[in-house]
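What follows is a single structure, written as structure tokens, with notes after it.
The values are calculated or read from the model by the stated rules, or taken from the named source; none is laboratory data. This structure is a prediction, so every number in the text was calculated from the model and none was measured. Methodologically, a virtual Cβ is constructed for each residue, glycine included, from the backbone with ideal geometry; neighbour enumeration extends over all protein chains shown. Accessible surface is based on the protein model in full, side chains and every heavy atom, while ligands, DNA and RNA are left aside. Shrake-Rupley method; radii C 1.70, N 1.55, O 1.52, S 1.80 Å.
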Amino acid sequence: MSEKTEIVWCDSTFNSWIGCTKVGPGCDNCYAEADFGARKGRAVWGPGEPRSRTSAANWALPLRWERQHEEFFSEHGRRRRVFCASLADVFDNEVDRTWRAELFALIWATPHLDWLLLTKRIGNVRKMIDASDMDARGLPPNVWLGATICNQEEADRDIPKLLATPASRRFLSMEPLLGPVDLRRVCEFSSGMLGRFVDSLLGHRWDESGYAGGGPPLATDPPDIPHLDWVIVGGESGRKARPMSPHWVRGLRDQCAAAGIPFLFKQWGEFIEWTGAESPSPSRRMPDMTPMVLVGKKAAGRLLDGREWDGVPT
């Protein structure tokens, strides 16, 4: 929908249609529903509701960006990153499959754009691609496939599905982050006292009986399954925003650093950690007892331990 965007991890946003259905706790305060549903009336959210296709002029934008590739690359030293879709879900069950086929035809026709397809329905990807004659080739090589993860439960459920889906790059958008997540111990399967786990940063599958005869994998072990290429973390913004513990963020940053995976911190949201210098007094305490204070999205900013974290795959 926009050639330029304030979203720090992409250059442009494109929405082929508008509308979605809430499928998890991260969706509770959906900004798209509040803006394009309740306020602007462009679409109705929920199951069984029709999605609103965007205009032909909007669909022409990526073709224009494709023609501008050399100019963009000369200025930025890289390809344009296009986030699709910020107001919908490409793999939404309610979307007409011909619309999805047309979107992928557009992606194939713009090979110099990097398309960041972010979904809350990662389990739909393979069956929807395989079911489409237009997309018999699978995901185009210029697609970066991402899953939205807000807590460990979603990580355990969806990260193995993401890693099992062929894609040139795989990433997570952990926004809003609603709890601590261990990306090196994603539970793929559990039965009784034993569990099978995935180290999604190093690319290993292991179980409680030991990995290669010696417990969980080490950073020096060669990968035996695909791993994540990028992790984006951010807090929630808006009137009903929930606070995010700094310990959750630092934990993910440190996991990525140890594995050599690019980490990008997008924003704190409406709350920051209360250190005693801020006014007013703390308005929330996290389950880990960290005091948080409501200061607003702009004042909270995106500094983590005094600096910005803008890691991106190269």
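If you scan the range 162-180, which residues turn out to be open to solvent by less than 10 Å² (accessible area, probe 1.4 Å), farther than 20 Å from Ile225 by Cα and in a loop (DSSP other than H, G, I, E, B)?
Listed by number, the residues that qualify are Leu177, Gly179.
Examine the range 42-65 for a residue that is basic (Lys, Arg), within 27 Å of Arg302 (Cβ to Cβ), free of Cβ contacts under 8 Å to residues at least 24 places away in the same chain and surrounded by fewer than 15 Cβ atoms within 10 Å (Cβ to Cβ), and state whether such a residue exists. Please lay out each step first, then the result.
Within the range 42-65, the subset basic (Lys, Arg) is 42, 51, 53, 64.
Right, trim to within 27 Å of Arg302 (Cβ to Cβ) and you get none.
No; the residues of the range 42-65 include none that is basic (Lys, Arg), within 27 Å of Arg302 (Cβ to Cβ), free of Cβ contacts under 8 Å to residues at least 24 places away in the same chain and surrounded by fewer than 15 Cβ atoms within 10 Å (Cβ to Cβ).
Tell me whether the range 71-78 contains one or more residues that are in a loop (DSSP other than H, G, I, E, B), of a type in the set (Gly, Ala, Ser) and at positive phi. Break it down into steps so the answer makes sense when it comes.
Step one: filter the range 71-78 for residues in a loop (DSSP other than H, G, I, E, B), giving 77-78.
Remaining after also requiring of a type in the set (Gly, Ala, Ser): 77.
Cutting the leftovers down to at positive phi gives us 77.
Yes: the range 71-78 contains one or more residues that are in a loop (DSSP other than H, G, I, E, B), of a type in the set (Gly, Ala, Ser) and at positive phi.
Looking for whichever is assigned to a helix (DSSP H, G or I) and at pLDDT below 95 here; the options are Arg126, Arg64. Which one fits?
Details: Arg64 fails: at pLDDT below 95.
Sole residue among the options that is assigned to a helix (DSSP H, G or I) and at pLDDT below 95: Arg126.
How many residues does the range 150-161 hold that are touching a Gly at 6+ places or on another chain (Cβ under 8 Å) and surrounded by 22 or more Cβ atoms within 10 Å (Cβ to Cβ)? Before the answer, list the steps.
Restricting attention to the range 150-161, the residues satisfying the condition of being touching a Gly at 6+ places or on another chain (Cβ under 8 Å) are 150-152, 154, 158, 161.
From what is left, the residues that are surrounded by 22 or more Cβ atoms within 10 Å (Cβ to Cβ) are 150, 154.
Here the count works out to 2.
Within the range 75-113, track down each residue that is without any contact (Cβ under 8 Å) to a residue 60 or more places away in the chain, under 20 Å from Arg42 (Cβ atoms) and of a type in the set (Asp, Glu).
Asp96
Scan the range 84-123 for residues that are open to solvent by 10 Å² or more (accessible area, probe 1.4 Å) and part of a strand (DSSP E or B) and jot them down.
The answer is Ala88, Asp114, Leu118.
Counting just the residues of the range 30-39 that are under 29 Å from Arg80 (Cα atoms) and of a type outside the set (A, V, I, L, M), which one comes out most open to solvent (accessible area, probe 1.4 Å)? Even if it seems obvious, please write down each step before you answer.
First pass over the range 30-39, keeping only residues under 29 Å from Arg80 (Cα atoms): 30-37.
Now drop any that are not of a type outside the set (A, V, I, L, M), which leaves 30-31, 33, 35-37.
Values: Cys30: 34, Tyr31: 137, Glu33: 58, Asp35: 42, Phe36: 30, Gly37: 17 Å².
That would be Tyr31.
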